[in-house]
Amino acid sequence: MPGSDPIPDPETLQPGNAIDLDGEDYDDDEDDAIEEDDEDEDEDEEDEDENDDVLFEPATPRAVKLKMDTLVRRMLTGPVPIHVHNVIIKGNTKTKGYIIETQASEALKKATTMQDLLRASDAVNSRLKSLGLFDSVAITLDSGPPEIPGSVNVIIKVDEARNWVSGEIGAYTNAEAKSSSVEGSIKYKNLLGFGDLWDGSIAYGFDRTAEVSAGVYLPRLKTLVAPVTVRAYLLTQDLLTFSSYKERSVGLSLGLFSNRFHNLEYHLAWCNLVDPSQMSSSVKMQLGHDYLSSLKYTLKIDKRNSPVRPTKGYAFIAKTHIGGLAPDSQSLRFLRQEFDLRCAIPLGFYHAALNFGICSGVIFPWGSGFLNRTTSIPERFFLGGNLSPVCALGGPKASWGFKTRATSPYEPKRQIDDENAEVASRDSLGGNFTVTALADLSFDLPTRWFRDRGIHAHVFAYAGNVAMLTENEFRSFSMQKFLGSFRSSAGIGIVIPTNRFRMELNYCYILKKFANDHAKAGFWLTFSRPSYLVYHCVV
C-alpha cells in the first residue's frame, strides 16, 4: 500500500547477494500482458550490480524472469505475504552452525512479508560480517515445500576468513586515564569455533604507565542473552607528578550485557596506592590497598551524522557506577553518576554547524555517615588534558588549553629535607562534583581543495569546574561561588578529519584560570579519534 513501510524498488534489488524465487506460480496471461512493457526495464535491471546485501540472481528461463518482474511490481504496490520455512547454513567448516543461526534465524523467521524479509536479510548480512569471521556472506531465498504455498527457504552461504590472526600497534591516549601511550595487540579469531575473539595487549605510557591485559569475547550463544566479554589486566600508573602517588592494580572485568544502547559490566580489582617519595599530604591517608567490586551501566544514544565532524543530530551518554558490592570492609563503596549531552545544529551555509554540549558528574561514598567519609582519589573527577571535546564523548574530562589534571582542588605537598629533591608545589586531589560546557562552530574554508578533503575551520569555547562535596565540604558549597570559579578558554583552529582520527591545529587563549592551574595560551596540535586521543603535543 502507498505510504506504508519503505519498499525496495527495482533499482535497489541489484546483484550482490542472491535471491532465487523458483516455484511460485503466476497467471500466464498476466505474464504475457507485461512482457512487452517491461522488456526495456528488464534489460536495465540486469546491468545493475552494486548492492552487496540483497541480491536478485536472474534465472536463466525467461518465464521465471517474468515471474520475478511480477513479484517486483507486487512489492511496489503493497505487502507480499510470505512464510519463512527454514534457514539453511552453508560454507561453515570451523564456525559452529548455531552461532550463525543465533545471529540470523530469529530476525528472518519474524518476517511475514517479502519486504520485511529483504530488510531482515540486509540486517543479518551486516550483523554476520561485523563478527569478523567471514570474508563474504551471501543470502539466497529459495522456494519452500510445494505443499506450503507462499513459503521460502533462506540459504545463508558464508566464506570463512582465511587469516585468523591479526595485530596492530599505535600511539594512543586513553580518555579515561588521560595518559599517552604506545600500544600493541594481537588477536586470534574463532579459536574454538564459537565466534570467539581472543586478544592480548601491552601498553607503555610516556608518563611511565604500563598495562598488560588479555581477554576473550563470545558472541551471543543459545544459552546467552547477550555477548560476553572477559578481560584480565595488570596496570601501573605513575602519578607522582600530579598527585604524589603510584597506582598498581590487578583486576578482572566481565561484560554481562551489551547491545546498541546499553552496556553492563562487572569489575573486580585489587588496587594499591604507594608513595615512595613520602612527599604527599592528604594523599598519604589513602595509601595502601583496597578492593573494588562494582557494577557499571552505560546508556548511549548517538544520532549524530558523524562522530568526527558532527553537523546535525544529538548524542547522550549516562553512566552509573556502583562500588562496594563485596562484603569486605576494605572494598571501595561509592556511587558515581555521569551525564554527557551533545547537540549539533546545521546553519545552512558553508556546511557550518554549531556543536554544543554539557557534561556533569558526581561521586559520593555510601554507607552510614557517608557525608563525613572521603572517596578514593583514583575514582574522582579530574579536568584537563588537551583532548578534543568534540570527539571525547563519554563524560566530563576534556578541555582546550589545559594540561593533564590541570583543574582540581589541591593541597600543598609536605616538604622534605633533601635539598636535591625536586618538590612540586601541590597535589591534585580531584573532586566529587563537576560541570563542563563547550561550544564549537565549524565551517568550510572557501578554497575548493580544502572542501573536497573535508578540511575546515572552527571557533570554540570551553568552561568547566570541579569541587569537593564530601568530608563536610558540602556545608561550605555555594552554587554561585562554584559557577563564578569556572575556568574557561576560547580559540580558533584548523581541523583535518580522516577515516581514523581528527587532527586539530588550534590557537587557545585562556579566558580564566587560577594561580595553581596548569593552563597555557598558545598553539596546540591534537590528533584525536572519537572518545580517545591518539597523540597530542604543545607547539
Return yes or no: is residue 434 open to solvent by less than 20 Å² (accessible area, probe 1.4 Å), in contact (Cβ under 8 Å) with a residue 12 or more places away in the chain and either among the small types (Gly, Ala, Ser) or in a loop (DSSP other than H, G, I, E, B) (or both)? no
What is the number of the single condition among (1) open to solvent by less than 50 Å² (accessible area, probe 1.4 Å); (2) in a loop (DSSP other than H, G, I, E, B) that residue 493 does not meet? (2)
Name the residues in segment 287-328 that are modelled with pLDDT under 85, open to solvent by 40 Å² or more (accessible area, probe 1.4 Å) and charged (D, E, K, R), would you? 328
Output the number of residues of segment 339-389 satisfying the condition of being part of a loop (DSSP other than H, G, I, E, B), under 23 Å from residue 487 (Cβ atoms) and open to solvent by 30 Å² or more (accessible area, probe 1.4 Å). 0
Could you please find all residues in segment 229-247 being open to solvent by 30 Å² or more (accessible area, probe 1.4 Å), modelled with pLDDT under 90 and either in contact with a Phe, Trp or Tyr (Cβ under 9 Å, 6 or more places away or on another chain) or more than 24 Å from residue 275 (Cα to Cα) (or both)? 229, 242
Checked against (1) buried (at least 17 other Cβ atoms within 10 Å of the Cβ); (2) free of Cβ contacts under 8 Å to residues at least 24 places away in the same chain, residue 336 satisfies every condition except (2)
Can you name the condition, by its number, that residue 502 falls short on among (1) under 28 Å from residue 309 (Cα atoms); (2) open to solvent by 60 Å² or more (accessible area, probe 1.4 Å); (3) in contact with a Lys or Arg (Cβ under 9 Å, 6 or more places away or on another chain)? (2)
Mind checking which residues of segment 281-319 are part of a loop (DSSP other than H, G, I, E, B) and among the polar types (S, T, N, Q)? 281, 305, 306, 311
Qualifying residue in segment 120-143 (condition: of a type in the set (Ser, Thr, Tyr), within 30 Å of residue 166 (Cα to Cα), free of Cβ contacts under 8 Å to residues at least 60 places away in the same chain and open to solvent by 40 Å² or more (accessible area, probe 1.4 Å)): yes
Please determine, by comparing only the residues of segment 427-455 that are in contact with a Leu (Cβ under 6 Å, 6 or more places away or on another chain) and of a type outside the set (Phe, Trp, Tyr), which one is nearest to residue 245 (Cα to Cα). 432
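The values are calculated or read from the model by the stated rules, or taken from the named source; none is laboratory data. Given the structure is predicted, the values throughout are model-derived calculations rather than measurements. Glycine gets a Cβ as well: all are built from the backbone with ideal geometry, and neighbour counts include every protein chain shown. Only protein heavy atoms, including side chains, enter the accessible area calculation; ligands, DNA and RNA are left aside. Shrake-Rupley method; radii C 1.70, N 1.55, O 1.52, S 1.80 Å.
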